[in-house]
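What follows is one structure encoded as structure tokens, with my remarks underneath.
Only the coordinates and a few stated rules stand behind these numbers; no lab work does. Worth saying up front: this structure is predicted, and the values here are computed from it rather than measured. Note that we place each Cβ from the backbone using ideal geometry, even for glycine, and neighbour counts take in every protein chain shown.
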Amino acid sequence: MVLLFLLAQVSLRAQTCTLSVEVRGFKQLEGVIQLGLFSNEESFLETGSEFRTAEVAVDSSTTIIVLEGLPYGQYAISLYHDQDSDGCIDKNFLGIPAEPYGISNDAWHRFSAPKWDEAAFVLKSDTTIVINLRH
């Protein structure tokens, strides 16, 4: 019985991995990066529906955020540079982000949010992705 438990634990650990997200393009070295990792199309870009979140201080022109223990699967990332550290993204009068932001696969549209299939990526091993901030 104990052997089966140990084998199950090893099997579960083998099906998770680490995702490193390299964020580039900071113009101001203050504030934090707010990251949302989404695991399905239905919740993509819905605040409060993230699979996992992270907040990391910005202290260089490139910041790396490490997410460990992620199950194999399909994901998409949305993040923004919260320059004033107020916990929400500032927007202009049209609702367009006024703070730098980024989406996995550098998916971007001028007047609409990117679609899940443009931002989604498959995670099945330890991986590093790069997201370039849009200003």
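Using only alpha carbon pairs under 8 Å that are at least six residues apart, calculate the relative contact order of the range 24-68 and give it in whole percent.
Value for the range 24-68: 48 percent.
What is the angle, in °, between the Cα long axis of helix 2-14 and the longest principal axis of the Cα atoms in the chain? Nearest 10 is fine, range 0 to 90.
So the helix axis and the longest Cα principal axis differ by about 30 degrees.
Using the basic label-point model (7 angstrom from Cα toward the beta carbon), what is the His109 to Glu41 distance in nanometres?
In this crude spin-label approximation the distance works out to 1.4 nm.
Tell me, what is the FRET efficiency for Asn92 and Gln28 to the nearest 0.05, using R0 = 30 angstrom and their Cβ-Cβ distance as r?
Numbers: r = 18 Å, r/R0 = 0.59.
Result of the calculation: an efficiency of 0.95.
Over the range 17-132, what is the relative contact order in whole percent, taking alpha-carbon pairs under 8 Å and six or more residues apart?
Values: 243 pairs, mean separation 41.8, N = 116.
36 percent.
Restricting to the chain, what percent of DSSP beta bridges are antiparallel, rounded to 5? Could you put the intermediate results ahead of the total?
On the way: 29 of 35 bridges.
Of the beta bridges lying entirely in the chain, close to 85 percent run antiparallel.
Among Phe26, Phe38, Phe93, what is the fewest-to-most ranking by other Cβ atoms within 10 Å? Kindly include the intermediate steps, with their values, before the conclusion.
Working: Phe26 20, Phe38 23, Phe93 6.
Going from least to most buried by this count: Phe93, Phe26, Phe38.
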